[in-house]
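Here is the structure we will look at.
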Amino acid sequence: MSSVASRSSARRTPWRTISTAFAQWFDSDYTSDGPEKMRQEPDRVDVVRCLPFIFLHLGCLGVIWTGVSSFAVWTAVALYFVRMFFVTGIYHRYFSHKTYSTSRFGQFLLAVFGGTTVQRGALWWAYHHRHHHQHSDEAEDAHSPHVHGFLWSHIGWITSRRNFPTDYSKVKDLAKFPELVFLNRFDLLVPLLFAAGIYGLGALLATFAPGLHTNGLQLLVWGFFISTTALFHGTACINSMAHLMGRRRFKTTDDSRNSFILAIITLGEGWHNNHHRYQSATRNGFYWWEMDITYYVLKALASVGFIWGLKAVPSSVLNEGEEADHRASILAAQRAALAHPEFSAFKKVVPAAAAIALATVQASSVQVPKRPERAALHRDVTERTHDIDPQA
C-alpha cells in the first residue's frame with residue numbers, strides 16, 4: 001500500500017512543480033511548500049523558469065515580419081538607456097544600497113519605473129544584490145563566475161527555482177511598505193502594462209504620423225522585445241564579466257574589477273571594484289575621469305528636489321585609491337624597464353642631452369657688453385643694465 005502511495009506521490013510531484021512555476025508567473029510569492037524549502041533546493045536549470053527568457057528572445061525574431069524603421073530603432077536605443085538608468089540608479093543605488101533618499105510617493109514611482117526593466121520586483125532585486133555583496137565570489141554567491149562559471153553567472157542562476165523567492169527578512173527596510181510588496185509580488189503587472197503602452201503608441205503613430213513608418217507590432221518588437229533583451233544582457237554583464245575583466249584598484253575580498261567598456265554599457269556600473277570597496281556612495285565612478293552617467297542623472301534629479309541626501313565617497317577612500325594608482329604606475333614603469341632595458345639607458349641619455357642642448361642655446365644667446373668709453377664712465381647704472389641680455 002505504501003509503495004502505491006509513494007508512486008502516486010512521485011507522479012504528482014512533477015505536475016505540482018510545473019503548476020507552481022506557472023502560478024508564480026502571476027504571483028511571485030506563491031509557493032506550494034514554502035519559500036525556505038525552495039531556497040534549500042540544489043542549483044539547477046528549471047525548464048519552466050526558462051520559458052519567459054525563451055519567449056523574450058524569440059520575440060526579437062518578430063522583426064522578420066514587422067520590418068524596421070528609424071523611429072523604431074531609435075526608440076529601442078532610447079528605451080535601453082533610459083531603463084538601464086532605472087536598473088542602475090533605482091534598483092541598484094536606491095533599493096539595494098539606499099545611497100540617496102526620496103519621499104514615499106517618490107519611492108513608489110521609482111519602483112514602478114524599475115518594473116519596466118522586466119527584471120523582477122524591486123525587493124527581489126535588492127535582496128539578491130545585498131546577498132551578493134555579503135558573499136561575493138564565495139560558494140553562496142548565486143552568480144559568481146569564479147564559483148559557478150560564466151554562463152551560470154550570466155543567465156543560468158536566474159532560471160533556478162532556489163533563486164526565485166524573495167527573502168523579505170533581508171529587505172525589512174523595504175518590506176514595511178505594502179505598495180512595494182504588492183509590486184514585488186505581482187511583478188508581471190508593470191511589464192505587461194509597459195508592453196501594451198508601447199504597442200498602443202505604435203498604433204497611434206501609424207494613424208496620426210504615418211511618415212514615421214512604424215506601427216504597433218513593429219514598435220512592440222523593437223521597443224519591448226529587442227530593447228529589453230539587450231537590457232537584460234547588458235545588466236547581466238556586471239554579474240558575469242565585472243569579476244573577470246578590468247583592473248583592480250582596491251584590494252577587496254572578492255575579484256571585482258573596474259572596466260570602462262562595462263561602464264559605458266551600463267551607465268557607470270562598470271566601476272565595480274570601486275563599488276565593492278565602498279557600497280554606500282551614490283557614485284560608482286569615484287574620480288572625475290571615471291564616467292558615471294547614472295550619477296550625473298541622479299545629481300540632476302537632486303537639483304530639482306525629487307531626491308536628496310546623495311552620499312559622497314569618503315576622502316580616506318579616495319586617498320587610498322590615489323595611492324594605489326600611484327603604486328601601480330611605479331610598478332608598471334619598473335616592469336617596463338625590466339622588459340625593455342634599452343629604455344633605461346635611453347632615459348639616462350635624454351636628460352643629459354637635453355641639459356647640453358639647453359646650455360648651448362643659452363650660451364649662443366649671451367651678449368657680452370662692450371667696454372664703456374671713458375666719456376661714459378659716470379653714466380647711470382640703469383643705462384648699463386639695458387646693454388646686457390637678461391639671459392646672460
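Annotation: extensible slack from Lys170 through Leu51 equals 40.0 nm (criterion: 0.36 nm per residue apart, minus Cα-Cα distance).
Computed from label points 7 Å out along Cα-Cβ, the spacing between Leu301 and Ile64 is 3.9 nm.
Rank by packing, highest mean first: peptides 264-274, 112-122, 77-87, with packing defined as the count of other Cβ atoms within 10 Å averaged across residues. Don't skip to the end; give the middle numbers.
On the way: 264-274: 24.9, 112-122: 23.3, 77-87: 19.2.
Answer by packing, highest mean first, reads 264-274, 112-122, 77-87.
What is region 146-240 by shape, rounded, prolate or oblate, if you read a ≥ b ≥ c off the alpha carbon gyration tensor as root eigenvalues and call it rounded for a/c under 1.5, prolate for a/b larger than b/c, and oblate otherwise? Could you put the intermediate results ahead of the total?
On the way: a/c = 3.69, a/b = 1.60, b/c = 2.30.
Since a/c reaches 1.5 but b/c is at least a/b, the shape of region 146-240 is classed as oblate.
Taking amide H as placed 1.01 Å from N in the peptide plane, the amide H of Ile307 sits under 5 Å from that of Ala302, each at least 5 places away or on another chain. Taking 18 Å as the cut-off, the amide N atoms of region 121-163 that come nearer than this to a point 7 Å along the Cα-to-beta-carbon line of Asp29 belong to 121-128. Based on every Cα atom in region 11-240, Rg and the maximum pairwise Cα distance Dmax equal 18.4, 58 Å.
Listing Arg248, Arg161 from the residue with the fewest other Cβ atoms within 10 Å to the one with the most, what is the order?
Working: Arg248 17, Arg161 21.
Placing the least packed residue first, the sequence is Arg248, Arg161.
Between Asp292 and any residue 5 or more places off or on another chain, the built amide H atoms are never under 5 Å apart. Farthest toward the positive end of the dipole of region 169-286, out of Thr282, Thr252, Ala230, is the Cα of Thr252, where the dipole comes from beta carbon charges about the Cα centre.
By the beta-carbon count within 10 Å of each Cβ, the least crowded to most crowded order of Cys50, Cys60, fewest first, is Cys50, Cys60.
When each of the peptides 284-295, 197-208 is scored by the mean number of other C-beta atoms lying within 10 Å of its residues, the order from highest to lowest reads 284-295, 197-208. Karplus-derived 3J(HN,Hα) values for region 307-315, using 6.51 cos²θ - 1.76 cosθ + 1.60 with θ = phi - 60°, are 10, 7, x, 4, 8, 8, 7, x, 4 Hz; glycine and proline are entered as x.
For His326 and Gln40, the FRET efficiency from 1/(1 + (r/R0)^6), where r spans their Cβ atoms and R0 equals 51 Å, is about 0.60. Taken along the Cα-to-beta-carbon direction at a fixed 7 Å, the label points for Met291 and Arg335 span 2.6 nm.
Based on a Kirkwood Rh over C-alpha pairs, give the Stokes-Einstein translational diffusion coefficient of region 258-302 at 25 °C and viscosity 0.890 mPa s in µm²/s. Please list the in-between numbers first.
Working: Rh = 10.2 Å.
Stokes-Einstein gives a translational diffusion coefficient of 241 µm²/s.
Remark: spin-label model distance Glu140-Trp308 equals 3.7 nm, labels positioned 7 Å along the Cα→Cβ axis. The length gained by stretching the chain between Glu179 and Ser101 to full extension, at 0.36 nm per residue less their Cα-Cα distance, is 26.3 nm.
Coordinate-derived values only; no laboratory data. In this text, all values refer to a predicted model and were calculated from it rather than measured experimentally. When we count neighbours, we look across all protein chains shown, and the Cβ atoms used for this are built from the backbone with ideal geometry, even at glycine.
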